[in-house]
């Protein structure tokens, strides 16, 4: 039985996996959707003082307090660097990382990995979510899905975006796999020219396939998990 720890990206919470959890469970998976501190139903805990170590600890605690091992870590968007750091800390508990249209940190590089550009304006110490986000990276989120996302998404702490993670040689012990989105955060033509250290899949969607292409995403996660 596959054990999936699902870590959402910026502005999102465990709620964003709602459409794919039932089908993953029907296929025999144990699913542990995570809400990182300061977002989703934990938005009331947001603090300017929290940096990238906070979401890393969030995921480590899900693993620890559910007695999980041999897990598949799914990291969406900025959470690619969160799941990479988690795998580096507990490599013996992680079978595979699946980067879902996600930032992929480099081992030994300590830079503001995954930092956002000026196209996403700041409101104090957080990046707010709004229609401009969907127009930029999620144009296929329309109708009821669009209203749903706009009603649920919460501001994203700036330090989560700009603080780096550092990976050690332990990270090499964990298998990596990738899901790219044709209208998401990566240039697909460049992706096709690159070589990756693991299998990959491509979904014809924007940055939020868990909302717009849940069946495709479910099938790709099942494929890459086994």
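Computed from the coordinates by the stated procedures, all read-outs in this text should not be read as laboratory data. In this text the structure is predicted, and so the values were computed from the model without any measurement. Every residue, glycine as well, gets a Cβ built from its backbone with ideal geometry; the counts of neighbours run over all protein chains shown.
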Stretch gain in nm, segment residue 45-residue 172, where the contour uses 0.36 nm per residue and the Cα spacing is subtracted
42.3 nm
Roughly speaking, what is the centre-to-centre gap between the stretch 6-66 and the stretch 77-95 when only Cα atoms are used, to the nearest Å?
13
Compute the Cα gyration tensor for the stretch 124-226, then decide on rounded, prolate or oblate, letting a ≥ b ≥ c be the square roots of its eigenvalues: rounded whenever a/c is under 1.5, prolate when a/b is larger than b/c in the other cases, and oblate in all that remain.
oblate
Two-site FRET efficiency, residue 219 against residue 64, from Cβ-Cβ distance with R₀ of 30 Å, rounded to 0.05:
0.50
Got a sec? Which residues in the stretch 33-66 would a label at residue 125 touch, if it sits 7 Å along Cα→Cβ and we count backbone N under 12 Å?
46-52
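With both bridge residues required to lie in the chain, what share of the DSSP beta bridges run antiparallel, to the nearest 5%? Can you show the working numbers first?
Working: 3 of 27 bridges.
Of the beta bridges lying entirely in the chain, close to 10 percent run antiparallel.
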Which of 223, 99, 160 comes first, and how do the rest follow, when ranked by fewest Cβ neighbours within 10 Å?
223, 160, 99
Tensor-based shape of the chain (alpha-carbon gyration tensor, a/c under 1.5 rounded, otherwise prolate or oblate)
rounded
Modelling each spin label as a point 7 Å along the Cα-to-Cβ direction, I'd like the residue 53/residue 1 distance in nm, to one decimal.
3.5
Assuming a ≥ b ≥ c are the square roots of the Cα gyration tensor eigenvalues, decide whether the stretch 1-85 counts as rounded (a/c under 1.5), prolate (otherwise, with a/b larger than b/c) or oblate.
prolate
